[in-house]
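Data first, discussion second: the structure below is written as structure tokens.
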Amino acid sequence: MIPSLGGAIFSKSLAAGGSFANDIIGTVARGEVAGSITGDMAAQSLSSYMGHTAIQETTREAPRYSDVEIGRGRITGVETAAGSSESLPFAMYHVEQYAVPQGEFQKIFTADGTQWYKQYAQDAVERNPYMADGDKVAYHEKIVKKMPDPPKRKDRM
């Protein structure tokens, strides 16, 4: 299949971390157009949108992204820090569309200057009941990573 001229320009800009691709990614991320970006294209798009692609030739190593979905004012996925094998789920919420999240979060700016709240999965206790001796209920407990509840959308408050 022959790519469209717009698709070819987007791909070239995306590979370089260019503003054309980042403007399109930002438009989808903020929900200004219907739909979302998913799959391998979303992971590559997020690297560009976070500014990592443009600085790739510097000494700073960028994280890797997977299971990314971009659209409707939020970005979700899994982030693996450079040089690490530990992956951590995250969610980003557009500051103009979402209330301040509960719990720990960061405010970050993407390559197009848009501000986002970013949260990572936090430690939580998972409890699974079982029947112990003497017909008593007991629990197997383990610590798992769990995303905090998402913040409320401002247009639904």
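The values are calculated or read from the model by the stated rules, or taken from the named source; none is laboratory data. Quick caveat: nothing in here was measured; it's all calculated off a predicted structure. Here the Cβ is made from the backbone with ideal geometry for all residues, glycine too, and neighbour counts use every protein chain on show.
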Quiz item: Residue check, residue 29 against (1) under 11 Å from the mean Cα position of the chain (by Cα); (2) without any contact (Cβ under 8 Å) to a residue 12 or more places away in the chain, all met but one. Which one?
Solution: (2)
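From the list 125, 100, 95, 68, which one is farther than 16 Å from residue 45 by Cα and surrounded by 17 or more Cβ atoms within 10 Å (Cβ to Cβ)? Outline the logic, then answer.
Numbers: 125 fails: surrounded by 17 or more Cβ atoms within 10 Å (Cβ to Cβ); 100 fails: surrounded by 17 or more Cβ atoms within 10 Å (Cβ to Cβ); 68 fails: farther than 16 Å from residue 45 by Cα.
Exactly one of 125, 100, 95, 68 is farther than 16 Å from residue 45 by Cα and surrounded by 17 or more Cβ atoms within 10 Å (Cβ to Cβ), namely 95.
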Quiz item: Among the listed residues 110, 80, 76, which satisfies the condition of being in contact with a Phe, Trp or Tyr (Cβ under 9 Å, 6 or more places away or on another chain), of a type in the set (S, T, N, Q) and closer than 15 Å to residue 38 by Cα?
Solution: 76
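Residues that are on the phi > 0 side of the Ramachandran plot: find the strands (runs of 3 or more DSSP E) completely inside the stretch 45-157 holding 2 or more of those.
On the way: elements: 64-71, 74-80, 87-94, 106-109, 115-120, 122-132, 136-146.
The qualifying strands (runs of 3 or more DSSP E) are 64-71.
Here is a check on your reading of the model: is residue 21 assigned to a helix (DSSP H, G or I) and either within 19 Å of residue 113 (Cα to Cα) or modelled with pLDDT of 90 or more (or both)? Even if it seems obvious, please write down each step before you answer.
Working: assigned to a helix (DSSP H, G or I): yes; either within 19 Å of residue 113 (Cα to Cα) or modelled with pLDDT of 90 or more (or both): yes.
The answer is yes for residue 21.
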Self-check item: Qualifying residue in the stretch 104-114 (condition: among the hydrophobic types (A, V, I, L, M, F, W, C), closer than 18 Å to residue 88 by Cβ and surrounded by 14 or more Cβ atoms within 10 Å (Cβ to Cβ))
Solution: yes
Exercise. Any residue in the stretch 129-154 that's under 30 Å from residue 116 (Cα atoms): show its pairings with residues that are of a type in the set (D, E, K, R) and exposed (fewer than 10 other Cβ atoms within 10 Å of the Cβ) at Cβ separation under 7 Å, as long as the two are six or more apart or on different chains.
Key: 143/123; 145/123
Quiz item: Could you list, in sequence order, the residues of the stretch 52-68 that are closer than 15 Å to residue 25 by Cα and at pLDDT below 85?
Solution: 52, 53, 54
